[in-house]
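Asker: I have a structure I would like to understand better, so I am pasting it below and will then ask my questions one at a time.
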Amino acid sequence: MAENANSTPRMARERQTIASMIRMFCAAHHGTSEGLCSECASLQEYAFCRLDRCPFGAEKPTCAKCPIHCYKPEMRAKVKAVMRFAGPRMLLRHPILAVLHQLDSLRRVPPRPSRKS
């Protein structure tokens, strides 16, 4: 199984990136000035859980290039809406995270990990 999401700088940055995107989306769509609404808090918790369980670990590709779609369809649709909204705004609000995420998207997609019984 993959290492804990906080055990590598790359996975910690993945958490920070999705958290920033969800915060931006929540503030714009749900009017939150601090923290997250319950719907967005639930989405963030789900995203963190998926990152914690990613079989690729620190070698994970960006979600758009991942051969494993680990999100349930409803949650995947919510995350896509968040990314569609926040993605273009990340360059202005969080330029370092945005550039690093773009560099991550250039990574080679690793072979799909085999399942251990």
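The values are calculated or read from the model by the stated rules, or taken from the named source; none is laboratory data. Because the structure is a prediction, the values reported are computed rather than measured. Note that each Cβ is placed from the backbone with ideal geometry, even for glycine, and that neighbours are counted across all protein chains shown. Quick note on the areas: whole protein, heavy atoms, side chains included, nothing else; ligands and nucleic acids left out. Shrake-Rupley method; radii C 1.70, N 1.55, O 1.52, S 1.80 Å.
Asker: Placing +1 at every Lys and Arg Cβ and -1 at every Asp and Glu Cβ, with all other atoms neutral, what dipole size does the chain have around its Cα centre, in debye to the nearest 20?
Answerer: Dipole magnitude for the chain comes out near 480 debye.
Asker: Could you look at the chain and say what percent of its accessible area is carbon and sulfur, using a 1.4 Å probe and all protein chains?
Answerer: 55 percent
Asker: With every protein chain left in place, what is the accessible area per residue of the chain in square angstrom, probe 1.4 Å?
Answerer: 64 Å²
Asker: To the nearest µm²/s, what D does Stokes-Einstein give for the range 1-60 at 4 °C and 1.567 mPa s, using the Kirkwood radius over alpha carbon pairs as Rh?
Answerer: The Stokes-Einstein estimate is 108 µm²/s.
Asker: Once you measure Cβ to Cβ distances between cysteines in the chain, which Cys have no partner under 4.7 Å?
Answerer: Lacking a cysteine Cβ partner under 4.7 Å: 37, 49, 54, 63, 66, 70.
Asker: Quote the FRET efficiency, to the nearest 0.05, computed for residue 37 versus residue 107 with a Förster distance R0 of 35 Å and r equal to the Cβ-Cβ distance.
Answerer: Between residue 37 and residue 107 the formula returns 0.60.
Asker: Right, another one. Starting from the 7 Å offset along Cα-to-Cβ, what nm value, one decimal, do you get for the label separation of residue 28 and residue 75?
Answerer: 2.3 nm
Asker: Arrange the residues 65, 72, 78, 60 by how much accessible surface each exposes, largest first, with a 1.4 angstrom probe.
Answerer: From most accessible down to least: 72, 65, 78, 60.
Asker: Between the range 11-40 and the range 44-68, what's the alpha-carbon centroid distance in Å?
Answerer: 17 Å
Asker: Right, here's the next one. Quick one: Debye curve from the alpha-carbon atoms of the chain only, equal weights, vacuum; give me log10 I(q)/I(0) at q = 0.15, 0.16 Å⁻¹ to two decimals.
Answerer: Those come out to -0.66, -0.76, one per q.
Asker: Oh, and also: What does the charge add up to near residue 50, with Lys and Arg as +1, Asp and Glu as -1, over the other residues with Cβ less than 11 Å from its Cβ?
Answerer: With Lys, Arg at +1 and Asp, Glu at -1, the net is +2.
Asker: A further question follows. For the chain, modelled as a GNM with alpha-carbon contacts under 10 angstrom, which of 40, 63, 54 fluctuates the most?
Answerer: Of the options given, 63 has the highest mean-square fluctuation.
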